[in-house]
Amino acid sequence: MNNLKKIDPDIYDLVKAEEKRQKEVLEMIPSENYTSTAVLETLGTVLNNKYSEGYPKKRYYQGNAVADSVEILAQERAQKLFGVPYVNVQALSGSVMNLAVYLALLEPFKGKIMGLSLQFGGHLTHGYPASASGKFFQSVQYTLDENARLDFDAIEKMAMKERPDIIVCGFTAYPRIIDFAKFAKIAEKVGAYLLADISHISGLVVAGAHPSPVPHVDIVTTTTHKTLRGPRGALIMVTEKGLKKDPDLGKKIDTAIIPGLQGGPHDNQTAAIAVCLLEAAKPSFKKYSHQIVSNSKALAKELNDYGFDLVSGGSDNHLILIDLKNKNVNGAVAALALEVAGIVLNKNGVPNDPMPPFYPSGIRLGTPAITTRGLKEKDMKKVAKWIKAALDEVTDLPFPKDKEERSAFWKKFKSDVVKNKKLVQIGQEVKTFMVKFPMP
Ligand SMILES: Cc1ncc(COP(=O)(O)O)c(C=O)c1O
């Protein structure tokens with residue numbers, strides 16, 4: 001990055017600081033990963049300079065022969081890897097990808113989405129009232145049962161009553177296997193489209209570490225930057241089943257992306273998606289994905305043994321959700337303490353959380369990124385021990401319910417926590433350990 005260093009030393013220094021941070025911590029946000037150097041190289045190519053509004057062979061601007069080849073390659077690789085007949089690779093992010101599906105299939109303000117409530121592990125774009133999906137479309141939200149599992153009887157009852165146009169399955173904070181066939185039965189019964197948003201688990205799906213939704217659903221969406229380990233971006237895929245229901249489904253989705261929601265695609269991003277799909281088709285990726293799950297299960301066992309209350313009791317995939325109410329510590333407090341200890345994860349709501357989203361009762365963590373670094377099951381003992389030791393520093397730190405008291409508490413906690421000797425010491429141990437594992 002010699003040019004960057006010369007032209008803009010401020011941004012250069014910030015990039016280097018972030019590189020150092022990523023190298024020295026346990027990166028455990030389940031939606032993050034370390035993409036490959038090849039993907040990063042592709043993002044930084046001259047493909048960034050091109051405007052390619054439209055689709056291959058039907059562009060609005062000239063000079064798109066290379067962009068066409070790039071996009072066709074990305075489409076073909078996705079079709080092969082996921083086993084679907086149609087793919088749109090242009091959505092710039094996961095939020096736009098889901099909005100495009102709704103725009104393609106629903107009449108604004110009349111069409112109805114039925115998704116898992118955010119508080120129970122759904123995503124904002126699955127019909128949350130404050131998101132465009134909940135503002136411009138009607139939305140109803142299902143929840144989980146008392147064991148934090150999908151409650152198919154309740155989902156069916158709600159679908160029969162509400163008659164949604166689209167049912168969304170696939171989640172943001174659900175640590176268990178999703179039974180797509182059961183969702184399909186319900187969607188068929190009420191005549192709804194079934195959308196599987198597999199953003200979190202698509203890497204596991206292509207590797208066979210989680211069942212594929214493709215035989216059961218009409219549309220599959222996924223971001224490309226989570227377990228799939230690619231650049232930021234998204235895929236919208238229509239299955240054979242979806243095309244049988246509506247042969248124009250693909251075309252409708254293309255139109256929803258442009259002119260519906262976007263202008264020009266990011267060709268450098270499309271090319272980097274193609275690279276990540278090539279990497280994800282390799283046997284080494286299969287091994288990697290299965291290791292993610294083995295690590296998550298091993299970590300869940302260790303945390304369980306330490307008395308942590310894991311939502312649903314454990315993990316079948318890449319993520320773990322911990323309810324911290326029994327430790328009498330707020331999720332926001334825990335996440336900040338853990339960051340000082342070099343363990344980076346996120347605060348998260350838990351089912352039936354009495355607390356607001358910014359100060360939720362839980363934390364969410366996952367193994368995709370640390371597995372990319374090369375950590376194995378035996379290392380999870382160490383990781384769990386650090387988490388336990390760090391959280392011991394803040395256990396029984398009651399969180400004020402009153403807003404003003406909370407603000408004073410938070411201010412003091414923020415300044416105190418960075419000076420906590422034990423947390424700083426764990427952070428040093430984590431750093432010494434992690435720098436031994438190469439980062440792409
Ligand atoms: C299930 C799911 N769908 C969609 C998204 C949105 O993706 P993006 O952040 O790229 O807009 C996310 C992001 O976390 C997600 O978890």
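The values are calculated or read from the model by the stated rules, or taken from the named source; none is laboratory data. As the structure is a prediction and not an experimental result, all values here were calculated from the model. Cβ coordinates were reconstructed from backbone atoms using ideal geometry, including for glycine residues, and neighbour counts include every protein chain displayed.
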Q.
Tell me the residue from Gly191, Gly264, Gly250 that is away from the ligand (no atom under 16 Å from the Cβ), in contact (Cβ under 8 Å) with a residue 60 or more places away in the chain and surrounded by fewer than 19 Cβ atoms within 10 Å (Cβ to Cβ), please.
A. Gly264
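For Leu345, indicate whether it is more than 21 Å from Ala148 (Cβ to Cβ) and in contact (Cβ under 8 Å) with a residue 60 or more places away in the chain.
When the stated conditions are applied, Leu345 does not pass them.
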Q. Could you list, in sequence order, the residues of region 411-427 that are without any contact (Cβ under 8 Å) to a residue 24 or more places away in the chain and within 31 Å of the chain's Cα centre (by Cα)?
A. Lys411, Ser415, Gln425
Q: Could you list all residues from region 195-208 that are away from the ligand (no atom under 15 Å from the Cβ) and buried (at least 20 other Cβ atoms within 10 Å of the Cβ)?
A: Val206, Ala207
Q.
Val66 - would you say it is buried (at least 24 other Cβ atoms within 10 Å of the Cβ), assigned to a helix (DSSP H, G or I) and hydrophobic (A, V, I, L, M, F, W, C)?
A. no
Q: Confirm whether Glu240 is away from the ligand (no atom under 14 Å from the Cβ), acidic (Asp, Glu) and in contact (Cβ under 8 Å) with a residue 40 or more places away in the chain.
A: yes
Q: Give the residues of region 305-326 that are crowded, with 19+ Cβ neighbours inside 10 Å and assigned to a helix (DSSP H, G or I), sorted by residue number.
A: Val311, Ser312
Q: Answer yes or no as to whether Thr221 is more than 13 Å from the ligand (Cβ to nearest atom), surrounded by 24 or more Cβ atoms within 10 Å (Cβ to Cβ) and at pLDDT 95 or above.
A: no
Q. Out of all the residues in region 83-99, which are within 16 Å of the ligand (Cβ to nearest atom) and either farther than 13 Å from Phe137 by Cβ or not hydrophobic (A, V, I, L, M, F, W, C) (or both)?
A. Asn88, Val89, Gln90, Ala91, Leu92, Ser93, Gly94, Ser95, Val96, Met97, Asn98
(Q) Residues that are within 21 Å of Asp396 (Cβ to Cβ), modelled with pLDDT of 95 or more and among the hydroxyl-bearing types (Ser, Thr, Tyr): does region 365-372 have at least one? (A) no
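Grab the helices (runs of 4 or more DSSP H) fully contained in region 350-440, keeping just those with 3 or more residues being in contact with a strand residue (DSSP E or B) (Cβ under 7 Å, 6 or more places away or on another chain).
Numbers: elements: 368-373, 377-392, 403-417, 421-434.
By residue number, 377-392.
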Q.
Considering only residues that are hydrophobic (A, V, I, L, M, F, W, C) and more than 17 Å from the chain's Cα centre (by Cα), which ones fall in region 351-379?
A. Met355, Phe358, Leu375
Q.
Cβ contacts < 8 Å: first residue assigned by TED's automatic domain parsing to the domain that holds Gly263, restricted to region 69-90; second residue of a type in the set (Asp, Glu), any location; separation 6+ or different chain. Result?
A. Val70/Asp267; Glu71/Asp267; Val84/Glu240; Pro85/Glu240; Asn88/Asp254; Val89/Glu71; Gln90/Glu71
Q. Among Leu336, Leu299, which is the only one that is under 22 Å from Leu228 (Cα atoms), in contact (Cβ under 8 Å) with a residue 12 or more places away in the chain and not in a strand (DSSP E or B)?
A. Leu299
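Give the residue that is nearest to the ligand (Cβ to nearest atom), with candidates limited to residues of region 156-184 that are free of Cβ contacts under 8 Å to residues at least 40 places away in the same chain and in contact with a helix residue (DSSP H, G or I) (Cβ under 8 Å, 6 or more places away or on another chain).
Step by step, filter region 156-184, then rank; the result is Phe183.
Mind listing whichever residues of region 100-126 are outside any helix (DSSP H, G or I), within 16 Å of the ligand (Cβ to nearest atom), small (Gly, Ala, Ser) and more than 15 Å from the chain's Cα centre (by Cα)?
Of all residues in region 100-126, those outside any helix (DSSP H, G or I) come to 106-117, 121-123.
Going one step further and asking which of them are within 16 Å of the ligand (Cβ to nearest atom), we end up with 113-117, 121-123.
When the remaining residues are screened for being small (Gly, Ala, Ser), the result is 115, 117, 121-122.
Matches in region 100-126: Gly115, Ser117.
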Q) Any residue at all in region 211-218 that is within 16 Å of the ligand (Cβ to nearest atom) and of a type outside the set (Ser, Thr, Tyr)? A) yes
